[in-house]
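The values are calculated or read from the model by the stated rules, or taken from the named source; none is laboratory data. Owing to the predicted nature of the structure, the values given are computational and were not obtained by experimental measurement. Neighbour counts are summed over all protein chains in view; Cβ atoms, including those assigned to glycine, are modelled from backbone coordinates with ideal geometry.
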Amino acid sequence: MFKLQNNQIFTKDSQKLKILFINRKDYLENLGGDTIQMLAIINNLKDEIESSIQTDPNIIEKIIDKFDIVHIFNIQRLSETAFFVKLAKKHNKKIVISPIYADFSELEKRGRSIYYKLIKKILPKNIFNLAKDIKRVTKGLSYKTFLKENIHNFDKLFKKTLNACDFILPNSIAEKNYLKNFVADESKIKVIKNGVDENLLSDSMSASEFKQKYKINFEKFVLCVARIDERKNILNLLKATADDWNIKIVLIGKVYPTHKEYYKKCLEYIKPDKVIHINATLDQREISGAYKAAHTHALVSWLETPGLASLEAGLFGANLVIGMCDSTLEYFKNYAYFCNSNDLQSIYKTIKQSLIDERNHFKADEFIRKNYSWQKITQEYFEIYSNLVKVIK
């Protein structure tokens, strides 16, 4: 796992680029793709940039003028993002945004609960989005500010926020194709793929050590590293394989707080000698040991860009079973087994075939090292930063 110091002290005569990274308040407590991406940039560009990560608007207001560029993550929490973009514009800062935007329409259409779909049908689109954002808003942003930013027109604010940024950096062509509908100048949008840290290979627990520590006696098993929630589609994974006792599953991930009822449904399929659930956040060394031990890693989510666990598992040579969507096809091409996330037979047959085939059947490890190494990908961020600073100076 990446290590960082949250507040760095700038040397007076430093020629390094100074980047202020802004993320959600709970970026460490609820580790997500935005966190991994941000830390990868900081750690791999430590010789080229000086940085600070901040989440508190009051602190940001005080220190923002020390920085050349502001890099904001995650437009899913639009109220926060809009506020921070406006603040950066107020201080005449160049703004880079990693939207990490997901279109959940497929999940809402086929995967969400009946209650969820009923509420969405009743409420207007922007009011529904506003309701979701109320749940996400952090204590760092006052509700007065939140309502001022959002109450009139959610969609208009989404468009205004994106257009105020100097560069928009989606993680897939599919994400770009969605976002360009809201952006006046498409040249601002540059796709930078997600990556994986090659150093994981040299700093990992052994497969036998992992199995011994967590009392896993399965000779061959399917691993799923994911939090337990509806988007990850864990229930369909368990349902699809429930009747075949030759398919053993190890789940690693905590139950998302708002999905406890969903987890109760999953529990019906978690049987001794069939499914093991490690309901915890493991450190990266242990997770890497799990990747080594697994024959297959399955992430049959409704939507991923592309699923960092899939990249990591593939790096360690596990066969990859992945829910089919535009972005996962874009990333993994012919190096994974794709299934229909809404079709239990499709999930079952795909997993079964991945277990019949030899481990690392498609040689995904070589493909991932060549195309998705953070060590290479983060240089694309540095190029963006450098070009913006040239404009400033």
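Scan region 227-237 for residues that are surrounded by fewer than 24 Cβ atoms within 10 Å (Cβ to Cβ) and of a type in the set (A, V, I, L, M, F, W, C) and jot them down.
If the condition is that a residue be surrounded by fewer than 24 Cβ atoms within 10 Å (Cβ to Cβ) and of a type in the set (A, V, I, L, M, F, W, C), then Ile228, Leu235 are the ones that fit.
Only one of Cys165, Cys224 is part of a loop (DSSP other than H, G, I, E, B), modelled with pLDDT of 95 or more, within 22 Å of the chain's Cα centre (by Cα) and of a type outside the set (S, T, N, Q); which?
Cys165
Just to be sure before I move on: is Tyr381 farther than 17 Å from Ile247 by Cβ, surrounded by 22 or more Cβ atoms within 10 Å (Cβ to Cβ) and out of contact with any Phe, Trp or Tyr (no Cβ under 9 Å at 6 or more places or on another chain) in the structure I sent?
Criteria met by Tyr381.
Touching a helix residue (DSSP H, G or I) at 6+ places or on another chain (Cβ under 6 Å) and more than 30 Å from Val191 (Cβ to Cβ): which single residue out of Ala280, Ala293 fits that description? Outline the logic, then answer.
Details: Ala280 fails: touching a helix residue (DSSP H, G or I) at 6+ places or on another chain (Cβ under 6 Å).
Only one candidate qualifies: Ala293.
Go through region 182-218 and give me each residue that's at pLDDT below 95 and of a type outside the set (D, E, K, R).
Scanning region 182-218 gives Asn199, Leu200, Leu201, Ser202, Ser204.
Scanning for something touching a residue at least 12 places away in the same chain (Cβ under 8 Å) and either touching a Pro at 6+ places or on another chain (Cβ under 8 Å) or assigned to a loop (DSSP other than H, G, I, E, B) (or both), does region 377-391 turn up at least one residue?
No, there is no match, as no residue in region 377-391 is touching a residue at least 12 places away in the same chain (Cβ under 8 Å) and either touching a Pro at 6+ places or on another chain (Cβ under 8 Å) or assigned to a loop (DSSP other than H, G, I, E, B) (or both).
Hey, can you tell me all the residues within region 355-385 that are out of contact with any strand residue (DSSP E or B) (no Cβ under 7 Å at 6 or more places or on another chain), closer than 17 Å to Ala313 by Cβ and among the hydrophobic types (A, V, I, L, M, F, W, C)?
Within region 355-385, Phe362, Phe367 qualify.
Condition test on Ala207, is it closer than 17 Å to Trp302 by Cα and buried (at least 17 other Cβ atoms within 10 Å of the Cβ)?
In short, no.
Between Leu344, Leu308, which is within 30 Å of Ile69 (Cα to Cα) and of a type in the set (A, V, I, L, M, F, W, C)?
The match here is Leu308.
If a residue has to be among the polar types (S, T, N, Q) and over 18 Å from the mean Cα position of the chain (by Cα) to count, how many in region 289-307 make the cut?
Total satisfying the criteria: 1.
From the set of residues in region 238-255 that are under 22 Å from Glu286 (Cα atoms) and touching a Ser or Thr at 6+ places or on another chain (Cβ under 7 Å), which is surrounded by the fewest Cβ atoms within 10 Å (Cβ to Cβ)?
If we take residues in region 238-255 being under 22 Å from Glu286 (Cα atoms) and touching a Ser or Thr at 6+ places or on another chain (Cβ under 7 Å), then Lys254 is surrounded by the fewest Cβ atoms within 10 Å (Cβ to Cβ).
Need at least 3 residues that are charged (D, E, K, R) per element, so show me which helices (runs of 4 or more DSSP H) inside region 275-337 make the cut, counting only ones lying wholly within it. Don't jump to the end; show me each part of the working.
On the way: elements: 284-293, 308-315, 326-332.
Those helices (runs of 4 or more DSSP H) span 284-293.
Restricted to region 256-270, and to residues that are at pLDDT below 95 and surrounded by 12 or more Cβ atoms within 10 Å (Cβ to Cβ), which residue is farthest from Ser202 (Cα to Cα)?
Looking at the filtered set, the residue picked out is His259.
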